[in-house]
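Here's the structure, in structure tokens; my notes come after.
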Amino acid sequence: MSALKIFFKRLRGIFGKERADRELGEEMESHLQMQIDDHIRAGMTAEQARRTALIQLGGIESAKENYRDQRGLPSLENLWHDLRFGLRTLRRNPGFTFIAVITLALGIGANTAIFSAVNAVLLKPLPYENGERIAVLHQQAPRAGFLKGSFSVPELLDYRAQNRTLDAIVEYHSMAFILLGRAEPERVLTGVVSWSYFDAFGIKPLLGRPFRQDDEQPGAPAVLLLNYEYWIRSFGGDPTIVGRTFTMNDRLHTVVGVLPPMPQYPDENDVYMPTTACPFRSDPMMIKDRTDRMVGAFGLMKPHVSAQQVQSDLSSVASNLQHAYGDIYPSNLDFSVAATALRDEMTQDARPTMLVLLGAAGFVLLIACANVTNLNLARLVRRERELSIRSALGATRARLFRQLLAESLLLAIAGAVLGWFFARGGVGLLAAYVTRFTPRGREIHMDASVLLFTLVVTVLVSLVSGSIAALDQRGIRVGNLKEGGAQSTLGKSRKRLRSALIVCQVAVSFMLLIGAGLMIRSFMNLQHVDPGFVPVNVLTMRINLNFTKYDNADKRRAFFEDLIEKVKHQPGVISAAASMVFPLNGSDPMTNNFTIAGAQPGPSLPVADFRVVSPDYFTALHIPVLAGRAFTQSDRPGSQDVAIVNRSAARRFWGNEDPIGKKISTNNGRSWIQIVGVVGDVKQYGLDKDASNEIYVALAQAPLLGAALIVKTAAEPLSIARRVVELIYEVDPNQPAARIQSLEQVRADSIAAPRLTTNLLGLFAVLALVIAAAGIGGVMALSVSQRTQEIGVRMAIGAWPAEILRMVLSQGLLLTGLGVTLGLVGAVALTRILHGLLFEVSPVDPLTFAVVAAVLGGAALLACYLPARRAASVDPVIALRYE
């Protein structure tokens, strides 16, 4: 029975709103009439008495809310009324609402976008069934500078047979082949893998079947698996692709399946084939040669086996091989194998940058919260009269707290909704940016976990920005009913709170600006680096010859010489050359050891990066010849083999001696190569990396199967790209070209990652600066409003406007100075994190700190100037009569 009574009581409460409002109206009318009578007796007219009574009551809505609270309506009903009343209150203050919502939207949107990237790249498990059990294996010999080396086939077989902690070891390498059977020949990047490669990862084809063990048997029909992106890009997602055949390497290859969308590591391949289908991997000499290391390896860890156990196990196998093949694994070089979790390997380049950006976005949100808190505190001062009336009518402090918190929640929700749209607009650009660091960038999208993060941030923002103001109810008292609401004074503690928030905003803004300033200086240094070559008006494209057709050196030499000669005679072409690689193209070095004639044998042979180039290579790229000569057409087979070294190699291997005329050997002295020239250093692997020791050899004496065509033009290089491709078809109709781009674009792409990092950090810093400046200006405006009478008195007794201006400005600049001092301490500590992202800039660079302090001080001065000027223009007569 008691339960039924409670039920009907709540039901009456829910549906009794109309009766409650009617009773409230009667009570309010009675109270209002009493106030009017009192004012008429005091000498007011009836109209003046009614207007004054209404003002003193603070409005009918406030009284209604208090009455409903006293009626004891159910909690959900109270919450609903709180939100409705809060919405009406915010609508009546559009300026405050707009600024608060935009401020929160910027903070929440930035954090949502960055979290979507961090979540996809660093937090989510890999999108493979066995992703968390996959380890990347690298062979290494630290004492020889050999850190992330590949394996030979015999080595891979030994590790596969002798380990006890891995369920499988699968191999991988990538090569470019020519796919025939379409309208035009196509260069496809091909992953060559073990038949069980995708089984180890737990990847099942989207269409067709995976590789099977019999696909890897010698003489088995050649089969292909297509990567999803390549299938979409080249075949339009044709579901009938399975079963179609194409010619590659003079063999017919059948498409047996299409892989699902997935991040590929370490290369973005177009197709995959089993190891026996690769003519190089299946060569009997390679299968037997323990020193021919060209394949990578992945290991599938057994369940419940730790990475440390795997590492210990593989180290034991490496020790066994060292004992068995001492001549191949010298003890002084410390050969071993390193096992790294695939997840860590894929994200190691992205992790530092992502965490820096997440921290920056968090700082922006912190500043936004502080600014909205200050806005709420300022608004609370102006609402003290209204809240005092509600308190006088019976509202408890908890009731007022709940109402103010509800308003803060509405602001946070509006900011979150708008911030979500901001984040959605930027997540595509963010994904493209992150893809430069890790293949997991394509996984970035707005999903349920990102939505949950946004909701959590929204609640936290509403609690942080609303509860501080809602808890500060010192000015809410009955005495305020007799005081001027507009001139309610701030207590010292409230002033200190607002000032502390401003100081914190400035400090955090200073730290963000320092980070952005350091990145900008670093990027400027990077842009002004001399790369050792001139990229202007240079066209590049990649050409990989069909090895079955160009199966000897004479054919390869003839192709490139014929092509270069045709290109050189085209209008607008200044010079043309072929090279194994070109600067900044992201290729791995071709490192080899060699012997120097007449040199004393050391503990290890010297090592350098070898380049194969045609005679006009140095001319096309404006690489200076410092001594000796460049290659000529006479450097051909049958003549003395020749080489050119760069300045770093000359100093490293010959010191103060002239290397011209010296000889080196790459085959233990069976043949010798004579040094004929010295050229300038080139930044091959990045503008932020030192030049390596390089040795160039003549293309005619070492013909390449794959090379880059480099064309120096008089005009925009891409304008002749199509004509150059037509010339390639004239030499060989089945020979495609790939990766056609200007060298200027290659150079720009090489610094795209630091450029985007700088832009994002700079954007966050600018947001922080604007929000902080707005906060300082708001505090100064409120201070001027609260001190109007004081300013009037000062001016009445002789203070000049300039003195008032200086007084207000000094107050704002004092807060800014305290914030900069606090931020300086934080910046010195936090900028150490940026050390790995900086180039030729110290984390405590004095110039950057000085410029940022000046910028922040200037912004604060500008923010304070408007309220200061308003204070200086106060009419003392009006100020003294105010209220």
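At-a-glance table
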quantity: Distance (nanometres) between label positions extended 7 Å along Cα→Cβ at residue 235 and residue 42; calculated: 8.9 nm
quantity: Accessible carbon and sulfur surface of region 129-196 relative to its total accessible area, %, 1.4 Å; calculated: 50 percent
quantity: Heavy-atom accessible surface of region 203-276: percent carbon and sulfur, 1.4 Å; calculated: 54 percent
quantity: Ordering of 101-114, 277-290, 223-236, 190-203 by burial proxy (mean other Cβ atoms within 10 Å per residue, highest first); calculated: 101-114, 190-203, 223-236, 277-290
quantity: Relative packing of peptides 822-832, 640-650 - highest average C-beta neighbours within 10 Å first; calculated: 640-650, 822-832
quantity: Solvent exposure of region 124-224 as accessible area per residue, Å², 1.4 Å probe; calculated: 43 Å²
quantity: Label-point separation in nm, residue 657 to residue 161, each point 7 Å along Cα→Cβ; calculated: 4.5 nm
quantity: Translational diffusion coefficient (Stokes-Einstein; Kirkwood radius from C-alpha pairs) of region 639-732 at 10 °C, 1.306 mPa s, in µm²/s; calculated: 98 µm²/s
quantity: Which listed pairs, of 555/662; 683/712; 148/204; 148/683; 148/663; 148/689, have C-alpha distances above 24 Å, in listed order; calculated: 555/662; 148/204; 148/663
quantity: Relative contact order computed over region 530-688 (Cα-Cα under 8 Å; 6+ residues apart), in percent; calculated: 28 percent
quantity: Ordering of 208-218, 248-258 by burial proxy (mean other Cβ atoms within 10 Å per residue, highest first); calculated: 248-258, 208-218
quantity: Antiparallel content of DSSP bridges confined to region 594-684, in %, to 5; calculated: 60 percent
quantity: Heavy-atom surface of region 587-737, accessible at 1.4 Å and reported per residue (Å²); calculated: 45 Å²
quantity: Probe 1.4 Å, accessible area per residue of region 264-386, Å²; calculated: 40 Å²
quantity: Efficiency of FRET between residue 323 and residue 92 - r from beta-carbon atoms, R0 60 angstrom, step 0.05; calculated: 0.10
quantity: Protein accessible area in region 616-705, 1.4 Å probe - carbon and sulfur %; calculated: 44 percent
quantity: FRET efficiency for residue 500 and residue 460, using Cβ-Cβ distance with R0 set to 22 Å, rounded to 0.05; calculated: 0.65
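The values are calculated or read from the model by the stated rules, or taken from the named source; none is laboratory data. This is a predicted model, so every value here is computed, not measured. Cβ: placed from backbone, ideal geometry, glycine included. Neighbour counts: every protein chain shown. These accessible areas exclude ligands, DNA and RNA; they are computed on the full protein's heavy atoms, side chains included. Shrake-Rupley method; radii C 1.70, N 1.55, O 1.52, S 1.80 Å.
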